[in-house]
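Here is the structure we will look at.
The values are calculated or read from the model by the stated rules, or taken from the named source; none is laboratory data. Just so it is clear, the model here is predicted, and its values are computed rather than measured. Ideal geometry is used to build each Cβ from the backbone, glycine not excepted, and the neighbour counts take in all protein chains shown.
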Amino acid sequence: MNHTYRIIPVYTGDVSGVASALYELGGMVVIHDPSGCNSTYNTHDETRWYDKESLIFISGLSERDAVLGNDRKLIEDVTEAALELHPAFIALTNSPIPFMNGTDFLAIARVIEKRTGIPAFYVPANGMHDYTVGAGAAFAALAGYMNKECIAQRVEKENVVKMNILGVTPLDFDAAGAVMKMENMMTAHGFEIVADLGMGEHADNWKNAPHAQVNLVVSAAGLPLAEEMEKRYRIPYVVGIPTGKFAKILFESLRKAAQSGKNVDAFQAAMEQADIREKKNFLFIGEAVTMKSIAAAIALEKGVIVRIVCPLENGAKLLTGEDAQIEGEEELEMLLGQQAKEETTVVADPLYEPVMPENVRFIPLSHEAFSGRCFAKQRICTVGDPADVLTYLEEQGV
């Protein structure tokens, strides 16, 4: 069967992505699912669960209620908790069971909002997509609840660009100090961070995000919000993470976007400036923004083109040239089989190694959203100039 996995694991699911995206933003996330599943979405997929509190609840869906309905219980439980805890918003999402039963979450959200006076919305999920889809939808839903008055209050400061960082979750940025290092790099180069969605954020500060002049999208999960804010608030965006020599290109692209009011493709700008001297058979498998940023830094520093293979859904539109998107283990094996005639170097999470052909030279680079905490002690920071990840890859002969 296509799109199945028999050896390697799947990426973190969309429901966990919703919970991760909204974890620090002061709202209440309610997952409509049987009791006990909270550990799957949080204690297994959420590294912040052990030292930072968040209002994430499971509805305790029973088999009887799943078959017969009983939306009243869900509405009453959420209403009671919200009136006691006073969250900034209420986000409803669901596991596959309510999805298959056709639960009308939009109507339930409207009833809850009317009863509580607290903004309530539904983030679609069904457990069949990866975390970039769930987190992306959750981030995008916030755009409609931001402070619209900030548009008229934008004041440009000399040599200072106001910006937001979009798409930050520990599923992609779990290396110690990665988020702080990124924020410090931005402020050191003349950028003022308005909001950082969604790690290290003050509960209500995200509402002022329209005050920014430009958005920096650091993961595929942040792309839907960037697109929504471009429509609603006319804020352009740039995609990439500041790593190695690519950081300079990224900073230039952000300033250009802020000045022109138009999106700037930092990856294309990097390739135009790179002195490409050779083409080696390098395949980087993983999240598109992270891998393309590392590939851009390698192109700038070594003049080598790296091919990206993205197994995640939201990263497809970022792929160019010989990059490829795959769905399932079988497609990956077919793609790797095509490389059988040439010696290939693959950089990917360690749990990909069992499906590698014999001729492949494999370099492990762990990813929280794929292997979880299995290799947490070996996590390598992808942010910085110099970046730990580039030093590591150079030591491995890349």
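Please state which of the following conditions Leu61 fails to meet, knowing it meets all the rest: (1) surrounded by 18 or more Cβ atoms within 10 Å (Cβ to Cβ); (2) more than 15 Å from Leu171 (Cα to Cα); (3) at pLDDT 85 or above.
Just one mismatch for Leu61, condition (3).
Per-residue answers, yes or no, for (1) of a type in the set (S, T, N, Q); (2) buried (at least 24 other Cβ atoms within 10 Å of the Cβ):
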{"position": "Ser219", "(1), (2)": "yes, yes"}
{"position": "Leu225", "(1), (2)": "no, yes"}
{"position": "Glu228", "(1), (2)": "no, no"}
{"position": "Pro242", "(1), (2)": "no, yes"}
{"position": "Phe251", "(1), (2)": "no, no"}
{"position": "Met271", "(1), (2)": "no, no"}
{"position": "Glu278", "(1), (2)": "no, no"}
{"position": "Ala288", "(1), (2)": "no, yes"}
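From the list Arg6, Arg64, exactly one residue is in a helix (DSSP H, G or I) and out of contact with any strand residue (DSSP E or B) (no Cβ under 7 Å at 6 or more places or on another chain). Which is it?
One residue alone meets the criteria, Arg64.
Please give the strands (runs of 3 or more DSSP E) falling wholly within the stretch 84-192 in which 1 or more residues are among the β-branched types (Val, Ile, Thr), in contact (Cβ under 8 Å) with a residue 40 or more places away in the chain and farther than 24 Å from Glu327 by Cβ.
Qualifying strands (runs of 3 or more DSSP E): 90-94, 161-166.
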